[in-house]
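Worksheet: the structure to be examined is printed underneath.
The values are calculated or read from the model by the stated rules, or taken from the named source; none is laboratory data. In this text the structure is predicted, and so the values were computed from the model without any measurement. Counting neighbours? That spans all protein chains shown, and the Cβs are built from the backbone with ideal geometry, glycine included.
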Amino acid sequence: MDENNVITIKNIVHQVLNESVNYKNQIMISRIKDLSLFKTPCHLRAISILVCISGEIECSINLQTYRLGRYSVLINFPENIIQLKSVNNLEAFAIILSSEFVRKLSMDMLSVSHLFSYEANRNAMFVLPKEEIRHLSHYLAILEKSISAPINETSDSLMKYLVSAFMTEIMQLHNHYHPNTSTNVKGGKGKLHILDRFVELVGEYHASERELKFYADKMCITPKYLADTVKQTSGKKATEWICDFVIMEAQSLLRYSGLSVHEISEKLNFPSQSAFGKYFKYQVGLSPSEFLENNQDSQ
């Protein structure tokens, strides 16, 4: 993940949320106020759990589109690229945990959460019954009260126990209520695993590698088999997955990094600024400079 286009809890305190409680810029719980910061693709250096009470929101995580409605829950992890597409009369609350804080949790919790992150990245959204939403609200109320209490101002141990309990609850709910996509994918679990691994690798290497052969070699399969499997399971060409990741990263860097177009072209491993400009304009319809100017005007 490139640190130049990463949003942290500290960045969003005044821009995205209100009615919030914030523990040392490591844990934040809040009602949603404004999500415009996420209109351009970006990385959020935190685990975020969004609970939709009413209204609708459409967003994408690593190019997979999610449409949340009443009682939907969305989970996002730090390595992902997230982008907001639309919001309509949204009432929601979120808990955001910094990557630094999550690393402080117990080894048992981290081991379980690693497996959970794999499943949640495949199925980031799930819908809960009303009583389960009410149950989650109780957890969040306890966390809010504990963060706000002056006696707990520096109580990292208490925060770790409470967050571990909340995350365990989220994992159990996700495991029980998330849709089983593998039964709906042509080719079954084996081909779905190839798609998952491919998207994971593209997420890791897209800034430097745009050739399909690189990813096929990583997976010890032929480029043709990889291309056929990705197209069959996702409905989109493997090369389109790579291109879309590159463009999302480029848009994010242009808006958030402060780097020049030339520096971004080098960071994304293009042979020249001109080659990057032509690639970007072909996909987006704007030159990198035009895209940057438009986003500066809208901020």
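Worth a mention:
- Boolean, E249 is of a type in the set (D, E, K, R), within 22 Å of the chain's Cα centre (by Cα) and within 30 Å of L37 (Cβ to Cβ): yes
- Filter pass, S260 being loosely packed, with under 15 Cβ neighbours inside 10 Å and not aliphatic (A, V, I, L, M): yes
- Selection of first residues in the range 75-86 that are assigned by TED's automatic domain parsing to the domain that holds T65 and of second residues that are charged (D, E, K, R) and in a loop (DSSP other than H, G, I, E, B), restricted to Cβ pairs under 6 Å at least 6 apart or on distinct chains, gives the following pairs, ordered by first then second residue: P78/R45; L84/K39.
- Taken over the range 38-58, the criterion of being within 24 Å of Y205 (Cβ to Cβ) and crowded, with 22+ Cβ neighbours inside 10 Å is satisfied by P41, C42, H43, L44, A46, I47.
- The residues on offer are S260, S252, S289, S272, and the sole one that is out of contact with any Phe, Trp or Tyr (no Cβ under 9 Å at 6 or more places or on another chain) and closer than 16 Å to Q83 by Cβ is S252.
- Residue list for the range 188-226, restricted to those being among the basic types (K, R) and free of Cβ contacts under 8 Å to residues at least 12 places away in the same chain: K189, K213, K224
- Qualifying residue in the range 39-59 (condition: modelled with pLDDT under 85, within 22 Å of L128 (Cα to Cα) and in contact with a strand residue (DSSP E or B) (Cβ under 8 Å, 6 or more places away or on another chain)): no
- Single unsatisfied condition, I32 versus (1) in contact with a helix residue (DSSP H, G or I) (Cβ under 8 Å, 6 or more places away or on another chain); (2) of a type in the set (A, V, I, L, M, F, W, C); (3) under 22 Å from I147 (Cβ atoms): (1)
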